[in-house]
1. Straight distance only, please: which aspartates and glutamates reach the Cα of Lys112 with their own Cα at less than 16 Å, same-chain residues fewer than 8 apart left out?
2. Assuming a viscosity of 1.002 mPa s and a temperature of 20 °C, what translational diffusion coefficient in µm² per second does Stokes-Einstein assign to the range 128-192, Rh being the Kirkwood radius over Cα pairs?
3. Which ³J(HN,Hα) values, rounded to whole Hz and listed in residue order, are derived for the range 115-123 from phi using the Karplus coefficients 6.51, -1.76 and 1.60 in 6.51 cos²θ - 1.76 cosθ + 1.60 with θ = phi - 60°, glycine and proline given as x?
4. Inverting the mean 1/r over all pairs of different Cα atoms, compute the Kirkwood radius of the range 204-318 and quote it in Å.
5. Which ³J(HN,Hα) values, rounded to whole Hz and listed in residue order, are derived for the range 352-367 from phi using the Karplus coefficients 6.51, -1.76 and 1.60 in 6.51 cos²θ - 1.76 cosθ + 1.60 with θ = phi - 60°, glycine and proline given as x?
6. Taking amide H positions as placed in the peptide plane 1.01 Å from N, state which residues far from Val140 in sequence (5 or more) or on other chains have amide H under 5 Å from it.
7. Hey, if we sort Asp290, Asp300 by accessible area with the 1.4 Å probe, largest down, what's the order?
8. What ³J(HN,Hα) values, in whole Hz, does the Karplus curve 6.51 cos²θ - 1.76 cosθ + 1.60 give for the range 171-183 when θ = phi - 60°, with x put for Gly and Pro?
Amino acid sequence: MAYRVLGRAGPPQPRRARRLLFAFTLSLSCTYLCYSFLCCCDDLGRSRLLGAPRCLRGPSPSGQKLLQKSLPCDPHGPTPSEPSAPSAPAAAVPAPRLPGSNHSGSPKLGTKRLPQALIVGVKKGGTRAVLEFIRVHPDVRALGTEPHFFDRNYGRGLDWYRSLMPRTLETQITLEKTPSYFVTQEAPRRIFNMSRDTKLIVVVRNPVTRAISDYTQTLSKKPDIPTFEGLSFRNRSLGLVDVSWNAIRIGMYALHLESWLRYFPLAQIHFVSGERLITDPAGEMGRVQDFLGIKRFITDKHFYFNKTKGFPCLKKTESNLLPRCLGKSKGRTHVQIDPEVIDQLREFYRPYNIKFYETVGQDFRWE
């Protein structure tokens, strides 16, 4: 059998073999194309879920080897020099909460600053109520716990103290509360050294009632302590009060105030009446807001009187879905004290109260 020579010797390819080769080549190309498409879709799906920029793989202009020659797909999005192309809006997917976000899910803003105002006293006077009430104000951010920096932790330094504070904007006031500062001898000087412009809030209460409340709290933790009468007097028959007992000594307000007036003018100290805080919380908080130099945001609409606890609580607001009262430790029923003991203590505190009234220019009517 003779063969026609076309350029070079050898038998021509049969038609069926050429068809099989063409089909195999086409099948291989389709496989690469599908694989490339699936990979791209997988990356695109992840990009949508995680909120990352889209990226697409596609063939190079030459159309050769689709997988190897496809455009790079960066799961982290384009570089700063490579602006991303606008894309159609994807379905809303909740973004994961960032580590430094607040309750709304948005990143925390502001800076941690040393406090511009302090609630420095007094224990069992109503300091927690003032703190919780003033925290409702949008221009105030307050530390919820008592850091005891100027009495117990001063050696840790101001950087440590600042790290405890909430973040605040330039227009907001940073505030913290530690009632024991008022009776700490070193506290006024230490606060002055931090900032001589610090505003000081002192919540005071009838010193006899305050002492009984203080004792009631201690008794709830230590049921085996001596009686109130036994702790209050060195010699009750002679009327000798034991001023070394802290519950008695705290109520000698005029004595403690002397230490503060050595460093701060009276205009930088605001006194809140613990009694009026119960009967007229909006009025007392209005004066606190005036002292801090902020608008009167907290008004009557924020309070209701809780008959069970015996003091005002915060009403439900848009930001607080439930009414908020102070904890179970607040509003305890006081221990019953012999009326004669109360009268003796009133006489003891009378000269201190009068001097306190004269110094601060207010009559708190504790007699």
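The values are calculated or read from the model by the stated rules, or taken from the named source; none is laboratory data. Owing to the predicted nature of the structure, the values given are computational and were not obtained by experimental measurement. Just the protein is used for accessible areas: all its heavy atoms, side chains included, with ligands, DNA and RNA removed. Shrake-Rupley method; radii C 1.70, N 1.55, O 1.52, S 1.80 Å.
1. The qualifying aspartates and glutamates are Asp139, Asp159, Glu170, Glu176.
2. Working: Rh = 12.7 Å.
D = 169 µm²/s.
3. Taking θ as phi minus 60°, the curve returns x, 8, 9, 9, 8, 9, x, 10, 4 Hz for the range 115-123.
4. Values: mean 1/r = 0.0584 Å⁻¹.
The answer is 17.1 Å.
5. 5, 5, 4, 5, 5, 4, 5, 5, 8, x, 9, 9, 7, 6, 8, 8
6. Hits under the 5 Å cutoff: Ile173.
7. Sorted by accessible area, descending: Asp300, Asp290.
8. 8, 9, 9, 8, 9, 9, 10, 8, x, 6, 4, 4, 9
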